[in-house]
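The values are calculated or read from the model by the stated rules, or taken from the named source; none is laboratory data. In this text the structure is predicted, and so the values were computed from the model without any measurement. For neighbour counting, all protein chains shown are included, and Cβ atoms are generated from backbone atoms with ideal geometry for every residue, glycine included. Only protein heavy atoms, including side chains, enter the accessible area calculation; ligands, DNA and RNA are left aside. Shrake-Rupley method; radii C 1.70, N 1.55, O 1.52, S 1.80 Å.
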Amino acid sequence: MLTEWIVPELVDEVLTACGRRDAKPRPLSSRFMVYFVLALALFQQDSYDDVAENMVGALDEMDQSVPNKSSFTRARQQLGAAPLEGVFCRVAGAIAPTTLEAAFWRGIRVAAVDGFLLDVPENETTRAAFGGQVDSAGRPIGFPQARVVTLTETGTHATIDARIGSFRSVGGEPALATEMASSAADMLVIVDRAFPGVALWKAYTQAGAHLLIRARTFVAAKPTEVLPDGTYLTRMNLAGQRRSHPGGVTVRVIDYQVDGGETTRLLTDLLDPEVWPAEELAALYHERWEVESAYRQLKTFQRGKAEVLRSASPELVRQEIWAHLTVHHCLNRIIMRLADGEGLDPDRISFVKVLKHTRRSVVLQAGRSTRRLRQFMKRMATKAVRKLDNGLRRLREADRYTRRPLPRPHIRLAQEVRPRRRPRPGEHPAYRHARPPCCPRTAISAAPSPSSPALSRTHSGTGNSSPTSFAPC
């Protein structure tokens, strides 16, 4: 799989363009390290030497002994993130053939823009480079997080373009999404309601793309022209600008409800109601959820559920993310090939099965012949001996804490309970008071009126059998 679309000639071209071509031969060459980083993304849960041994037989350079982890780390640092980004840019793109109806609407290829977060290891450099969530007091919550925004083909889950930023990137996801506008030419791009904005709208429409964006109901709420199908045209401007300001854009607003639920508002640049029916556009918005399925493939199945990336420096984090995006795109290419050969929709092909089979195929390349099988088993025996305990292990300890704290409801402590107020002279004891934790959830009620007989009950556990009037809280 690694060499099906990522051929050595392509890797050499990218390395030359990035200035990472080796001046002289070395054990961990730049070309090999590109394939090794891709294999790290394919075998996310495996260690460096495990991944290297999985590649035995697939690449000639691994016929030697497996280097240690520090050598791989130094080689990754020398390689940097740019070559992996270059490889991704050359292999990414729409892959659906024109015969795949699920990938098109009225002859236009359908794509979606959205983003997700990836946890990275906790240290000073990653925290400073990426940032993360904080509580009300400004204290960090959880791991630092890298932000990824993609332009995804909804019919195949293939990644057309992507951008990597930090959790606290200036402009957030909309700014990263705007940078991908040139890759969406001649497509209908579906966008969630966190993205609407004049800058993004202009970037995509000027690039030749069409937009279908969900918006909050207070956005574009004043019609300038009502269309025959019930939709209307209006102007969308930057905050603080009048509708007549020349910097705004004209949008068509489609409001609809599903089963009488909340109103969903869509904005589009497809203004003609006869050519672009509102009912079909409302039904098409559901395709946006295909991008969430693509993220589930990458984050849950390929990377591993709730896994933290292995790289401990910002540059290697970006390198690892580009590798994950490249491998995910190649796996979806395999799915598209299988579906096209069998005449099936790509959604009918299991991503998990393709992922597992691809991993097995890499491992099985180590035993294609008897000679290679013997060499492979000899190396495995050497590794097993090397990993055996060779004496007493040093004592290790670490503070126990939860990196992903669960939200808890506020529990009022005993000292936070307000003291019971004593009635003033002449005042009826008809007041609500804070109860101790052991008391039932009741409140003292006002005196009963003749038309409303009082409810009464006996306090349990106190020995007092006199009835007390109360009203349920």
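Of all residues in the stretch 288-329, those satisfying the criterion of being free of Cβ contacts under 8 Å to residues at least 24 places away in the same chain and part of a helix (DSSP H, G or I) are W289, R296, T300. Residues of the stretch 168-181 that are within 21 Å of H328 (Cβ to Cβ) and either over 16 Å from the mean Cα position of the chain (by Cα) or part of a loop (DSSP other than H, G, I, E, B) (or both): E179, M180. Take G165 and tell me if it is touching a strand residue (DSSP E or B) at 6+ places or on another chain (Cβ under 7 Å), open to solvent by less than 30 Å² (accessible area, probe 1.4 Å), without any contact (Cβ under 8 Å) to a residue 40 or more places away in the chain and not acidic (D, E). The answer is yes for G165. Among the conditions (1) in a loop (DSSP other than H, G, I, E, B); (2) over 18 Å from R288 (Cα atoms); (3) touching an Asp or Glu at 6+ places or on another chain (Cβ under 8 Å), H157 misses just one, which is (2). Checking each residue in the stretch 85-144 for being touching a strand residue (DSSP E or B) at 6+ places or on another chain (Cβ under 8 Å) and over 24 Å from G171 (Cβ atoms) picks out G93, A94, I95, A96, T98, A103, F104, W105, I108, R109, V110. Evaluating A312 against the criteria (1) open to solvent by 40 Å² or more (accessible area, probe 1.4 Å); (2) under 28 Å from T156 (Cα atoms) leaves one unmet condition, (2). Is there a residue in the stretch 219-237 that is basic (K, R), at pLDDT below 95 and open to solvent by less than 50 Å² (accessible area, probe 1.4 Å)? No - not one qualifying residue is present in the stretch 219-237. All of T152, T125 fail the test of being in contact with a helix residue (DSSP H, G or I) (Cβ under 8 Å, 6 or more places away or on another chain) and open to solvent by less than 30 Å² (accessible area, probe 1.4 Å), apart from T152.
Annotation: of all residues in the stretch 107-122 being outside any strand (DSSP E or B), touching a residue at least 12 places away in the same chain (Cβ under 8 Å) and of a type outside the set (D, E), the one that is surrounded by the most Cβ atoms within 10 Å (Cβ to Cβ) is V120.
Contact map, the stretch 1-14: first residue assigned to a loop (DSSP other than H, G, I, E, B), second residue modelled with pLDDT of 90 or more and open to solvent by 50 Å² or more (accessible area, probe 1.4 Å), Cβ cut-off under 7 Å, separation 6 or more or different chains; pairs are W5/R333. Which residue is least open to solvent (accessible area, probe 1.4 Å), if the candidates are limited to the stretch 15-49 and must be under 27 Å from the mean Cα position of the chain (by Cα) and farther than 21 Å from I334 by Cα? Applying the filter and picking the extreme gives M33. G86 fails exactly one of the following numbered conditions: (1) modelled with pLDDT of 95 or more; (2) in contact with a Phe, Trp or Tyr (Cβ under 8 Å, 6 or more places away or on another chain). What is the number of that condition? For G86, the failing item is (2). Assessment of the stretch 58-77 against the conditions (closer than 25 Å to W5 by Cα, open to solvent by 10 Å² or more (accessible area, probe 1.4 Å) and part of a loop (DSSP other than H, G, I, E, B)) yields at least one matching residue. Condition first: more than 21 Å from the chain's Cα centre (by Cα), at pLDDT below 85 and among the small types (G, A, S). Can you find one or more residues in the stretch 64-81 that meet it? Yes, the stretch 64-81 has at least one match. Residues in the stretch 143-200 that are closer than 16 Å to G132 by Cα and aliphatic (A, V, I, L, M): 4 in all.
Only a single item in (1) open to solvent by 10 Å² or more (accessible area, probe 1.4 Å); (2) in contact with a helix residue (DSSP H, G or I) (Cβ under 9 Å, 6 or more places away or on another chain); (3) closer than 26 Å to E315 by Cα is not met by A146, and it is number (1).
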